[in-house]
Amino acid sequence: MDSVSSAHKNLSLGYYQALAHILESLLDLDRVVRVVEVGCGSGMLSIWFARRLGPRGSVTALDIDRGSLRQAVGDARLMGVSNVRFERGDVYKLSLPVESADVVVCKSMLCVLKDPKAAVEAMARIVRPAGHLVAIEPASPQAFYDPDDTRFTYLSEQLHGAFQRGWRRQGADPTIGLKVPHLFLSHGFSDVAAEAVSAIHLLSDHRRDFEEVVDQLETEAFDLPEDTKALLAKGGLAKKELQELHRRARVRVERVRSASSSASRSAYVRLMSTLTVTVGRRS
């Protein structure tokens, strides 16, 4: 387990527990045999479905990025999950049999597409009658506040605003979760239901493990990929502001590591993007 990616290590944290609870409440997974995830990324959700179905079911996970698929295959192997198959696939050109899946799901995929309507149409074709289509998509940006570092708070707000503007300027929709119920209804799905899931990170929360706190802070200090930097620049974030944000984030990590008690006295709070979990049944 030590070799598994940090994302999979965190499957048991509150956010993923809440997501799992919502999926269990909206889907009768004891009657599900075949799941397809489109845009699986690193495979975290597909692996969860595979483990939940067990030997009676199977999961096909598709993504266009070969690097993500390699990571997913490796993590599934390390976790001993054998009933999930990872394949390269394009949501606009799905080659899976029509009406072949009990559940078709996507997570944080529609929000980055230029034509989410066409993607929903493609996924709908492989849902069997009485099967379900599920979309887990963002409906709001992140929010952040730290009364002890107003400059960091300002820069964090600028960062997340730039993400929103950058995605929109590329033709994507970072709050498409609000529109998914309409997309489902307009494509003939019935019994549409939606729930929301989010996560809040409070440094001083006494229920959090110290290493978990440090891991979270380190994600804020990582240097971003060049394509993400380009997206932020397109959204209006100055290069020097991004550099300052990361510098301040690294200082925060070192301060907390060297004096763990500082976290327990901090009012630093980050509210992650709210995701809507929308489920519709095919008639």
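The values are calculated or read from the model by the stated rules, or taken from the named source; none is laboratory data. Note that the structure is predicted; figures quoted are calculated from it, not measured. Note that each Cβ is placed from the backbone with ideal geometry, even for glycine, and that neighbours are counted across all protein chains shown.
Looking only at segment 205-224, count how many residues are farther than 21 Å from Q158 by Cα and either modelled with pLDDT of 95 or more or in a helix (DSSP H, G or I) (or both).
Filtering segment 205-224 for residues farther than 21 Å from Q158 by Cα gives 205-215.
Still in the list and also either modelled with pLDDT of 95 or more or in a helix (DSSP H, G or I) (or both): 210-215.
Looking only at that region, the number is 6.
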Please tell me if L185 is in a helix (DSSP H, G or I), in contact (Cβ under 8 Å) with a residue 60 or more places away in the chain and out of contact with any Asp or Glu (no Cβ under 9 Å at 6 or more places or on another chain). yes
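Filter segment 121-170 down to residues that are β-branched (V, I, T) and under 18 Å from the mean Cα position of the chain (by Cα) and give me whichever is farthest from S283 (Cα to Cα). Let's see the steps before the verdict.
Kept after step one, since they are β-branched (V, I, T), are these residues of segment 121-170: 126-127, 134, 136, 150, 153.
Still in the list and also under 18 Å from the mean Cα position of the chain (by Cα): 134, 136.
Values: V134: 15, I136: 21 Å.
Residue satisfying both the conditions and the ranking: I136.
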Matching option when the condition is buried (at least 17 other Cβ atoms within 10 Å of the Cβ), over 19 Å from M109 (Cβ atoms) and either assigned by TED's automatic domain parsing to the domain that holds R125 or in contact (Cβ under 8 Å) with a residue 24 or more places away in the chain (or both), among G57, G80, G74, G89: G57
When segment 169-182 is examined, which residues are found to be in contact (Cβ under 8 Å) with a residue 60 or more places away in the chain and assigned to a helix (DSSP H, G or I)? R169, I176, G177, L178, V180, P181
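Can you tell me how many residues in segment 27-54 are assigned to a helix (DSSP H, G or I) and surrounded by fewer than 14 Cβ atoms within 10 Å (Cβ to Cβ)? Quick ask: steps written out before the conclusion?
Filtering segment 27-54 down to residues assigned to a helix (DSSP H, G or I) leaves 29-31, 44-54.
Narrowing further to those that are surrounded by fewer than 14 Cβ atoms within 10 Å (Cβ to Cβ): 30-31, 54.
Selection size over segment 27-54: 3.
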Within segment 72-80, is even one residue in a strand (DSSP E or B) and in contact with a strand residue (DSSP E or B) (Cβ under 7 Å, 6 or more places away or on another chain)? no
Among the numbered conditions (1) of a type outside the set (F, W, Y); (2) in contact with a Lys or Arg (Cβ under 6 Å, 6 or more places away or on another chain); (3) assigned to a helix (DSSP H, G or I); (4) under 30 Å from D30 (Cβ atoms), tell me where H132 comes up short. (3)
Across segment 16-54, what is the number of residues that are of a type in the set (G, A, S) and more than 21 Å from V112 (Cβ to Cβ)? 5
Output the residues belonging to segment 10-54 that are free of Cβ contacts under 8 Å to residues at least 40 places away in the same chain, among the basic types (K, R) and more than 22 Å from A196 (Cβ to Cβ). R51
Within segment 143-158, does at least one residue satisfy the condition of being in a strand (DSSP E or B) and among the β-branched types (V, I, T)? no
Determine whether segment 181-197 contains at least one residue that is surrounded by 14 or more Cβ atoms within 10 Å (Cβ to Cβ) and at pLDDT below 95. yes
Residues F189, F222, F210: which one is in contact with a Ser or Thr (Cβ under 8 Å, 6 or more places away or on another chain) and outside the structural domain of A18 (by TED's automatic domain parsing)? F210
What's the number of the condition D227 fails, among (1) at pLDDT 95 or above; (2) surrounded by fewer than 14 Cβ atoms within 10 Å (Cβ to Cβ); (3) not in a loop (DSSP other than H, G, I, E, B)? (1)
Within segment 198-211, can you find the residues that are exposed (fewer than 15 other Cβ atoms within 10 Å of the Cβ) and not hydrophobic (A, V, I, L, M, F, W, C)? S204, D205, H206, R207, D209, E211
Could you list, in sequence order, all residues of segment 135-160 that are within 19 Å of S108 (Cβ to Cβ) and touching a residue at least 40 places away in the same chain (Cβ under 8 Å)? A135, I136, E137, P138, A139, S140, P141, Q142, A143, L159
